[in-house]
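> There's a structure below that I have some questions on.
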Amino acid sequence: MATRVLDSWALLAFFEDEPAAEEVETLLTRADAGRDKLLLCVVNWGEVYYNIMKKISAETAEQKALEISGLSIEIIPVDSKNLDLTRQAAIYKATKRMSYSDCFAAALAKIRKAQLVTGDSEFKQVEDEIRIKWLS
């Protein structure tokens, strides 16, 4: 079973029915069948929420939040039990030119030895440290 970390880019592509949506749907189907494990950092969950709220509406953001809760995605919290996650995100933020939320997705992939799923070119800076499934 492969473990993959979804970046907000992947979920937004799925919700906005962009070209990468089909690949994300395949990953969600594999997770539903128990063939893959999908993770999403709560920080990236928040990024999905605010992007949808900003572009569309608060009501749509709430609807998508409900949809996410029904998907086979484990939401990983940022709390005192996950200081290694926060530390790695902080290291990325201090040493790379990446948004803080992207640093959390990369950090989660690194710590869990998982493949990051994204189409965001900002992650090219860490592709020597983590495995990336590039969506287009």
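The values are calculated or read from the model by the stated rules, or taken from the named source; none is laboratory data. All of these numbers come straight from a predicted model, not from anything done at the bench. Counting neighbours? That spans all protein chains shown, and the Cβs are built from the backbone with ideal geometry, glycine included.
> I'd like the full set of residues that are hydrophobic (A, V, I, L, M, F, W, C) and in contact (Cβ under 8 Å) with a residue 24 or more places away in the chain, limited to region 34-60.
The answer is LEU38, LEU39, LEU40, CYS41, VAL42, VAL43, TRP45, VAL48, ILE52.
> Looking at SER69 and the list (1) under 15 Å from PHE104 (Cα atoms); (2) at pLDDT 95 or above; (3) not aromatic (Phe, Trp, Tyr), which single condition is not satisfied?
The single condition SER69 does not satisfy is (1).
> Find all pairs meeting these conditions: Cβ atoms under 6 angstrom apart; at least six residues apart or on different chains; first residue within region 21-33 and at pLDDT 95 or above; second residue among the β-branched types (Val, Ile, Thr) and assigned to a helix (DSSP H, G or I).
Matching pairs, first to second residue: none at all.
> Being under 15 Å from the mean Cα position of the chain (by Cα), charged (D, E, K, R) and modelled with pLDDT of 95 or more: is that true of LYS110 here?
yes
> May I pose another question? Conditions first: (1) at pLDDT below 95; (2) of a type in the set (Gly, Ala, Ser); (3) surrounded by 17 or more Cβ atoms within 10 Å (Cβ to Cβ). SER136 passes all but one, so which condition is the exception?
For SER136, the failing item is (3).
> Select from region 94-108 the residues that are under 15 Å from GLU127 (Cα atoms) and of a type outside the set (Asp, Glu) and list them in ascending order.
Listed by number, the residues that qualify are THR95, LYS96, ARG97, MET98, CYS103, PHE104, ALA105, ALA106, ALA107, LEU108.
> Let me ask something else about it. Of everything in region 1-49 that's surrounded by fewer than 17 Cβ atoms within 10 Å (Cβ to Cβ) and under 16 Å from ARG131 (Cα atoms), which residue is farthest from the chain's Cα centre (by Cα)?
Once the filter is applied, the top-ranked residue is MET1.
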